[in-house]
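Values in this text are rule-based calculations from the coordinates and carry no lab data. This one's a predicted model, so the numbers in the text were calculated from it and none came from an experiment. In this analysis, Cβ positions are derived from the backbone assuming ideal geometry, glycine residues included, and neighbour counts consider all displayed protein chains.
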Amino acid sequence: MSSSVKETFTTPEPAGPSRHAQPARPAQPAQPAQPGGAVGPVGPAPAALAAKVRMLGPTMTRSMQRVAEAVAGDPAGCAALTVTGLAERTGTSEATVVRTARTLGYPGYRDLRLALAGLAAQQESGAAPAVTADITVDDPLPDVIAKLAREEQQCLADTAAGLDAAQLDAAVTALSGARRIDVYGIGASNLVAQDLAQKLLRIGLSAHAHADPHLAMTGAVQLRTGDAAVAISHSGRTVDVIEPLRTAFDRGATTVAVTGRPDGAIAQYADHVLTTSPARESELRPAAMSSRTSQLLVVDCLFIGVAQRTHDTAAPALAASYEALAHRHNPRG
């Protein structure tokens, strides 16, 4: 059954508050003073602003979405507006504008306004547009190649811009020291789960990815403190992923969620949440294609982090697995 069908099922109700308080996000450092004594914006860099809007827009209220869409669509025009002017332009309130700025990672509207000015300057310098046209049924293959390449690049850039390094570091620490690691994913997300488990296995860790939700639950009940579980679900609502993660969470394992919806049900049972970019869906490009690209980036970051952290054992394990399989890659005489 496809992941899109699975996600129409009812998500289990949360059992209560999270076992652990979520780690505090690191405070954004103040930006260095600019020539003339001006202070740069605090918050995401201008280049990351559009990615933040695309990533967080679906989680915002409709009024906040209007503000976010306005600043992403016309950064130069919005940078020239006061908080009152932007509220009037979007038909919202000053409080909504400020809340939107904070949701995007800025302490206040002043910092968002400075970032908008920086983004406008970058666009004037000739940077490529952030979003490409959808693939149509009549597109020749060269256009398909170009559009897909641009879309994948944008997806990777958005995910990198929104990935919380502190959460990633904590997840890497948990996986590096885990006795056992279970990875959950259904449909396209299971392909990513299998990829992560196989990579971890090659560096000597005990990692398993279960495509069968019954086996996932069977494995989850065996986990305990000192183990880790990674759940991959773009929507954050896939029941067959949430249930084993919840079980692992209740058993005391450290849990990690890789999701495009950090406000989704899956986050209630995750000690660490790694956010992927939102999936753009069209007639010929299902959401699973976009989500897979961003998920693969996140699990590659996890793998490299763990390999670095466990290098003394990972390097010999990689060498041994390569040697064991080398004869299978040589042409037979």
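Quick notes
- Packing around the peptides 265-273, 140-148, taken as the average count of other Cβ atoms within 10 Å per residue, puts them in this order, highest first: 265-273, 140-148.
- HN-Hα J in Hz across the range 147-152 - Karplus 6.51, -1.76, 1.60, θ = phi - 60°, x for Gly and Pro: 5, 5, 4, 5, 5, 5
- Here the Karplus curve 6.51 cos²θ - 1.76 cosθ + 1.60, taken at θ = phi - 60°, turns the phi angles of the range 179-187 into couplings of 5, 8, 10, 10, 10, 10, x, 10, x Hz, with x standing for Gly and Pro.
- Distances between placed amide hydrogens fall under 5 Å for residue 210 paired with 183, 185, all partners being 5 or more residues away or on another chain.
- When each of the peptides 249-261, 226-238 is scored by how many other beta carbons lie within 10 Å of its residues on average, the order from highest to lowest is 226-238, 249-261.
- Theoretical FRET efficiency, 1/(1+(r/R0)^6), r = Cβ-Cβ of residue 300 and residue 138, R0 30 Å, to 0.05: 0.30
- Rounded is the label for the range 46-112, because the ratio a/c of its alpha-carbon gyration tensor axes (a ≥ b ≥ c) stays below 1.5.
- Amide H to amide H distances under 5 Å link residue 264 with no residue, where only residues 5 or more positions off or on other chains count and H is placed in the peptide plane.
- Modelled FRET efficiency - R0 41 Å, residue 321 with residue 225, Cβ distances, 0.05 increments: 0.90
- Highest-first arrangement of 172-181, 207-216, where packing means the average Cβ count within 10 Å: 172-181, 207-216
- Overall form of the range 113-264 per C-alpha gyration tensor (a/c, 1.5; a/b vs b/c): prolate
- Listed values for the range 68-79 are Karplus-derived 3J(HN,Hα) couplings in whole Hz (6.51 cos²θ - 1.76 cosθ + 1.60, θ = phi - 60°), namely 4, 5, 5, 6, 6, x, 9, x, 5, x, 6, 5, and x replaces Gly and Pro.
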